[in-house]
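S.K.: Mind having a look at this structure? Questions to follow.
Each value in this text was obtained by applying a stated rule to the coordinates, not by laboratory testing. Please read all numbers here as calculations on a predicted model, not as lab measurements. Note that we place each Cβ from the backbone using ideal geometry, even for glycine, and neighbour counts take in every protein chain shown.
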Amino acid sequence: MLSDRRINSIRGSESELAERIQSIYDDVDVVITPGTATGPSRVGAYQRRGAISTMTSVAQRVPFQGMFNVTGQPAAVVPWDLDGNGVPTSIQLVGRPFDESTLLSLGAQIEQARPWANRRPPVS
């Protein structure tokens, strides 16, 4: 779907983009974003849809992950709370390249401060 020329252009700009994004970590250890832009998809929302349509729909729900996937930062989406409707919400923790240990440590601290393992959303 993309020409070789376009792919080469995109790949050629990856290192510049990665350097720009990673400069954030000159001032911070971890970036925190929402886990999703919207709540979870409804069961069956993607039935009988093609792969491209499904991927496009899913990507709109998680716009915060793609940039860090491309530029090489480790990331973890962790549970945060329940929204007003009792639906689980999450946050994304993003660290420096190769610094998974900071994310694992922070995730453990969040779990200790806001235990999630025994929380259950209401089921209707």
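S.K.: Out of VAL43, VAL70, report the one residue that is in contact with an Asp or Glu (Cβ under 8 Å, 6 or more places away or on another chain) and more than 22 Å from GLN109 (Cβ to Cβ).
M.R.: Being in contact with an Asp or Glu (Cβ under 8 Å, 6 or more places away or on another chain) and more than 22 Å from GLN109 (Cβ to Cβ) holds for just one of VAL43, VAL70, which is VAL70.
S.K.: Something else about it: Identify, by number, the condition in (1) exposed (fewer than 11 other Cβ atoms within 10 Å of the Cβ); (2) more than 15 Å from the chain's Cα centre (by Cα); (3) under 30 Å from ILE7 (Cα atoms) that GLN109 doesn't meet.
M.R.: With respect to (1) exposed (fewer than 11 other Cβ atoms within 10 Å of the Cβ); (2) more than 15 Å from the chain's Cα centre (by Cα); (3) under 30 Å from ILE7 (Cα atoms), GLN109 is out only on (3).
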